[in-house]
1. If you take the residues in the range 1-34 that are in a helix (DSSP H, G or I) and hydroxyl-bearing (Ser, Thr, Tyr), which one is most open to solvent (accessible area, probe 1.4 Å)?
2. For the range 76-98, give me each residue that is within 15 Å of residue 26 (Cβ to Cβ) and open to solvent by 40 Å² or more (accessible area, probe 1.4 Å).
3. Can you tell me which residues in the range 35-51 are without any contact (Cβ under 8 Å) to a residue 40 or more places away in the chain and either outside any strand (DSSP E or B) or farther than 22 Å from residue 15 by Cα (or both)?
4. For residue 54, state whether it is assigned to a helix (DSSP H, G or I) and β-branched (Val, Ile, Thr).
5. Any residue in the range 104-116 that is more than 10 Å from residue 89 (Cα to Cα) and open to solvent by less than 70 Å² (accessible area, probe 1.4 Å) sitting within a Cβ distance under 9 Å of a residue that is among the hydroxyl-bearing types (Ser, Thr, Tyr) and assigned to a helix (DSSP H, G or I)? List the pairs, counting only those 6 or more apart or interchain.
6. Tell me, please, whether a residue that is touching a helix residue (DSSP H, G or I) at 6+ places or on another chain (Cβ under 6 Å), in a loop (DSSP other than H, G, I, E, B), of a type outside the set (Asp, Glu) and at pLDDT below 95 can be found in the range 80-101.
Amino acid sequence: MPPLPNMDWMLTDLASSVPYVRHVIALSADGLCIGQANTEADTADAIAAACSGVQSLSKAIAQKFPHGDGSMNMVGIEVDGGYFCLMAAGPGAYLAVLADDGVDALLLGDRMRVLVHRIGQHIASPPRDDIGQAM
């Protein structure tokens with residue numbers, strides 16, 4: 001698989017344009033961090049791994065809607081202290097944002113959609129075909 005383009009600067013743009021954004025991460029469907037802003041590498045990896053489970057669960061739920069295509073578009077979770085948003089960002093790729101309580105959720109959702117539209121297919125993360133070959 002060819003390396004993905006470095007998109008950290010676009011993620012940084014999202015982080016700096018929406019007040020109270022704490023972390024911005026681009027990840028593959030299998031939980032690998034492929035880009036980050038405002039986030040240490042270990043934290044980005046942990047968030048990306050957790051997001052893999054969230055997107056998998058949301059896909060399982062989406063498949064229960066008879067008139068949908070079974071895909072996950074966006075998940076939003078409000079927790080004590082802030083918000084978590086996960087958005088489909090291309091084939092096999094997702095955009096995750098963690099933000100503090102004071103964030104304007106509508107602004108955040110809008111900026112996430114704009115970013116996903118801008119990066120389009122550049123963020124695609126096709127399934128790895130080398131799984132199991134190292135054993």
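The values are calculated or read from the model by the stated rules, or taken from the named source; none is laboratory data. What you see is a predicted model, and the numbers here were worked out from it, not measured in a lab. So basically every Cβ, Gly included, is an ideal-geometry build from the backbone, and we count neighbours across all protein chains shown. Areas reflect the complete protein model, heavy atoms only, side chains present, ligands, DNA and RNA absent. Shrake-Rupley method; radii C 1.70, N 1.55, O 1.52, S 1.80 Å.
1. Per the criteria, the residue is 16.
2. 91, 98
3. Those that are without any contact (Cβ under 8 Å) to a residue 40 or more places away in the chain and either outside any strand (DSSP E or B) or farther than 22 Å from residue 15 by Cα (or both): 38, 39, 40, 41, 42, 43, 44, 45, 46, 49, 50.
4. It is true that residue 54 is assigned to a helix (DSSP H, G or I) and β-branched (Val, Ile, Thr).
5. 107/17
6. no
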